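The values are calculated or read from the model by the stated rules, or taken from the named source; none is laboratory data. From a predicted model like this one, the values you see are computed outputs, not experimental measurements. Cβ placement follows ideal geometry from the backbone for every residue including glycine, while neighbour counts extend to all protein chains displayed.
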Amino acid sequence: MTTRLAGLLIVTMLLGACSLLPTATTVPGDTTTTTVDDDADVSPTSPPATTIPSTEPVSGVLVVTDHALTLVYDDAPAAILTGDIDYPLASAFVDLIGGIVFQYQDPGPGVSSGILRLLPGTIEPLELIAEGDGQAITLLDVAPIDGRPNVIYLSRPDGETVGGQLLAADLQGGAPLVLYDGPDLVSGDADGPTILVEQRVNGTCNKLVAFKDGEPIWNSDCTDGSGPFSVAVSDDLVATVLAGQVIVSRVDDQSTTVYDVASPVRVFDLDEDSVLVTDQTDSLIVVGEASQIVIPTTDTIRSASLFNSPLAVTEGHRLGGIRVAPGPCSAAGQPSVPPVTPDLPDTVAAIRSAIVERAVACDFDALASLTSSSFVVDLAGGDPRRYWMASEARFGDDLSLIVRILNLPHAVSLLPDGRSIYVWPSAAVDQPTDADWEALRPVFNEEEIDAMRQQGGYTGHRIGIAEDGEWLFSVAGN
């Protein structure tokens, strides 16, 4: 990867702030390039073939924070792509042909723990490489191998920190290649013909070894094993932070260049002209032979990388998971006080009013705090806050529907524990009357009501509150 340092000056103006915690791009072992066994646990899904966009390459830096990534390049403004609201990103890289490859850190239900890709011209990601049972995979880089973009990643038994395989998956499809396989594997990277591996030696130290054609051609001094190293590779260059210095080694002639950086902590990336590092002041620094560009940081940075490739992603694209839609939710602007219903107990009326008020305020956290421990929002299970956010992002009507349903007449029935339960709408009983069906008209049209009557009962959204004020469900279906 090569980048024009002049273009990165825009980073200082547009990025403004971000703090850092890089991905482990550290490394080491005895390498042979082989094809993964057919029965391997971890394999890439077969993505559709992609073609290189006709756009000219742009150069800059990609910065990954907990819930977003920022692309900053020299001939366009920064683009911010948001991720999941609850789960932080682990790392992301441009895929060299217009898209983004990324991974979440410890995602929850409904968010893939594998490696994802946002293809050029698309707005939703696909799962590129899935985790197998008992396996954990870690995205390390995207780099050319034999002239084709490859995802570089680790695969090892879940919970293990040493061992497993360093793999490369061609973005055009096909079985992944094993770049290194051994019980001493800590981490690694690859770029072109150079494979860099971090090895754990005798359980006491970590050592970097660079390979070409399966043969070791360069190695670093051993450290105390507290690693991993901070390391990056680009073609025949290896950058590390050792003994408080940023050192770039050229593996073909064993020459080294030391960059003058005060208190360096991590190397993120490098090219022929510059190195991307962070220091003890949590600054992101682009270091060249004659210049340093310092980017102050305040947010946690998970990874950062230089790029010089086509980009077809733009502001507003999603990285998967849940993103809160900008602006008000669907219930905004509706009356925040429900109609007075004299026959409701005070406990039920109070929770009903609180639900409507918080839904109209678009306060997902406050709304979720009203739910009971056994609350049902989805017949398949799920966290109500995340469910409502996802529904608003995808369909834009869930909170509005809650408010409108609570404005309809209700019915009363008994729970198995003997408590009375107040259910909206009144048509959500075993034998709704004509009046119950008619009362649905503020929410449902005639065709929807007729369809439910023909099915034998109300199948729309229903809300249940127990007589003691416990909010039990807000769910669609029977």
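Say we look at the stretch 355-371 and pick out the residues that are in a loop (DSSP other than H, G, I, E, B) and of a type in the set (A, V, I, L, M, F, W, C); which of these is farthest from Val443 (Cα to Cα)?
Residue satisfying both the conditions and the ranking: Leu370.
Name the residue that is farthest from Pro345 (Cα to Cα), counting only residues in the stretch 456-478 that are among the hydroxyl-bearing types (Ser, Thr, Tyr) and crowded, with 18+ Cβ neighbours inside 10 Å.
Tyr458
Here are the criteria: (1) touching a residue at least 40 places away in the same chain (Cβ under 8 Å); (2) closer than 22 Å to Gln334 by Cβ; (3) touching a Lys or Arg at 6+ places or on another chain (Cβ under 9 Å); (4) surrounded by 19 or more Cβ atoms within 10 Å (Cβ to Cβ). Tell me which single one Ile402 does not satisfy.
(3)
Where in the stretch 126-178 are there strands (runs of 3 or more DSSP E), lying fully within it, with 2 or more residues that are outside the structural domain of Asp106 (by TED's automatic domain parsing), within 23 Å of Ser305 (Cβ to Cβ) and under 23 Å from the mean Cα position of the chain (by Cα)?
Hits in the stretch 126-178: none.
Quick check on Asp397: is it charged (D, E, K, R), over 22 Å from Ala331 (Cα atoms) and in contact (Cβ under 8 Å) with a residue 24 or more places away in the chain?
So Asp397 fails the test.
Given the conditions (1) in a loop (DSSP other than H, G, I, E, B); (2) out of contact with any Asp or Glu (no Cβ under 8 Å at 6 or more places or on another chain); (3) polar (S, T, N, Q); (4) within 30 Å of Gly110 (Cβ to Cβ), which single one is not true for Ser330?
(2)
Residue check, Ser353 against (1) surrounded by 21 or more Cβ atoms within 10 Å (Cβ to Cβ); (2) at pLDDT 95 or above; (3) in contact with a Pro (Cβ under 9 Å, 6 or more places away or on another chain), all met but one. Which one?
It fails just one condition, (1).
Given the criteria surrounded by fewer than 18 Cβ atoms within 10 Å (Cβ to Cβ) and either among the aromatic types (Phe, Trp, Tyr) or closer than 17 Å to Ile351 by Cβ (or both), does Val429 qualify?
Criteria not met by Val429.
Could you name every one of the strands (runs of 3 or more DSSP E) located completely within the stretch 231-290 that has at least 2 residues being within 15 Å of Ala190 (Cα to Cα) and of a type in the set (Gly, Ala, Ser)?
231-234
Are there strands (runs of 3 or more DSSP E) fully within the stretch 415-478 with at least 1 residues that are of a type in the set (Lys, Arg)? List them.
Qualifying strands (runs of 3 or more DSSP E): 461-466.
Looking at Ser374, Ser391, can you tell me which residue is touching a Leu at 6+ places or on another chain (Cβ under 9 Å), part of a strand (DSSP E or B) and in the same structural domain as Phe444 (by TED's automatic domain parsing)?
So the residue among Ser374, Ser391 that is touching a Leu at 6+ places or on another chain (Cβ under 9 Å), part of a strand (DSSP E or B) and in the same structural domain as Phe444 (by TED's automatic domain parsing) is Ser374.
Is there a residue being on the phi > 0 side of the Ramachandran plot and either of a type in the set (Val, Ile, Thr) or touching a Phe, Trp or Tyr at 6+ places or on another chain (Cβ under 7 Å) (or both) anywhere in the stretch 111-134?
No, the stretch 111-134 contains no residue that is on the phi > 0 side of the Ramachandran plot and either of a type in the set (Val, Ile, Thr) or touching a Phe, Trp or Tyr at 6+ places or on another chain (Cβ under 7 Å) (or both).
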